[in-house]
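Data first, discussion second: the structure below is written as C-alpha cells.
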Amino acid sequence: MCTVVIDVAEPGGSRLLAVRDEDPQRAWDALGAWWPEEYPGVVGIRDRRAGGAWLAADPSRHRLAVLLNRADELDLPEDQVQSRGSLALESVVGRSPVAPLRMHGFNLLEVGPDAARVLSWNGTVLRETPVTPGVHMIAHDDLDDPATARIARWLPEFRAAPARNEEWARAWVDLLAATAALDPEDDAAIIRDNRPHGYPTQSLLFCVAAVGHDGVTVRDHTLAAPGHWG
C-alpha cells in the first residue's frame, strides 16, 4: 500500500515523492547499484528475498520506475506465480511488461524525461494511464482515485505546495512530515501502519527523485521506526 506523489512538468521533466510500505521483517537494502552484471548502472531499493527492486532508476537512460501493489483476480496456484520484483528493473532499461502476466496485481509507474505513465495489472487486463502535466497521486488503486482516503485528503495539499522551484523537495518532505500528524492507522495517513487494515506492511522509507533530459537524481531516507515519522 505504497504511495507516490508526482509532478509532471510541461514541456518535460518530472519530480516525485515515493513512500514505501512493506513488512518490516522482510529484508531490504537502501538505494544502491545492486545489479552490476544484469543491470549495469541501474540503482534502486533492493528486496533481498526476491532480488528485485521497489524503485529503480537508470540515469544513463533518464528513466525511473516505482512498483505499487494492487488487488488482482489472478487464477493461478501460488507456486506458479512469478515475482513482481523484476518489473521496475526491466522498465528502466526499456522493457515494459506485456500481458498476459503470471504475477499478482500491480501499478507500475514509469517516468521518462518527456512523459510518465502507469501500467496497471489486475491479473486479467493490463491498462495504461498517461500521467498528464500537473501533480498527481497513486497508491493501490487508480491514479488520483478519490476513493483512496489518503489521495482524497492530501492531493489538494500537494497540488498547492510549490513543486517547480529549487526548494520543491523540502516543500514536499515538509508536507509529508505534516501528514504524519495523523495516526498511522488512519486510512488517510501516508506514513502508515496497515496492520489494522489486514496487511502486515508499514511505511519504512521515502525517496525524492527528479527525472529530466539532464538525467535522474534520487535520494532515499529511512524512517526511524516503521510506520512513524519521528
Taking region 119-140 and the residues there that are at pLDDT 95 or above and among the hydroxyl-bearing types (Ser, Thr, Tyr), the one that is surrounded by the most Cβ atoms within 10 Å (Cβ to Cβ) would be Ser120
Identify, please: which residue in region 187-205 is charged (D, E, K, R) and surrounded by fewer than 17 Cβ atoms within 10 Å (Cβ to Cβ) and is, among those, nearest to Trp172 (Cα to Cα)? Asp187
Look through Ser96, Ser60 and report the one residue that is of a type in the set (Gly, Ala, Ser) and under 17 Å from the mean Cα position of the chain (by Cα). Ser96
With the checklist (1) closer than 30 Å to Asp75 by Cβ; (2) among the aliphatic types (A, V, I, L, M); (3) loosely packed, with under 13 Cβ neighbours inside 10 Å in hand, flag the one item Leu143 doesn't pass. (3)
Which of the residues belonging to region 183-220 are in contact with a Gly (Cβ under 8 Å, 6 or more places away or on another chain) and either under 21 Å from Arg153 (Cβ atoms) or assigned to a strand (DSSP E or B) (or both)? Pro184, Ile191, Arg192, Asp193, Gln202, Ser203, Ala210, Val211, Gly212
If I ask for residues that are of a type outside the set (Asp, Glu), under 20 Å from Arg15 (Cα atoms), part of a loop (DSSP other than H, G, I, E, B) and touching a helix residue (DSSP H, G or I) at 6+ places or on another chain (Cβ under 7 Å), which ones from region 124-147 would you list? Ala139
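The values are calculated or read from the model by the stated rules, or taken from the named source; none is laboratory data. Everything numeric here is computed off the predicted structure, so don't read it as measured data. Glycine gets a Cβ as well: all are built from the backbone with ideal geometry, and neighbour counts include every protein chain shown.
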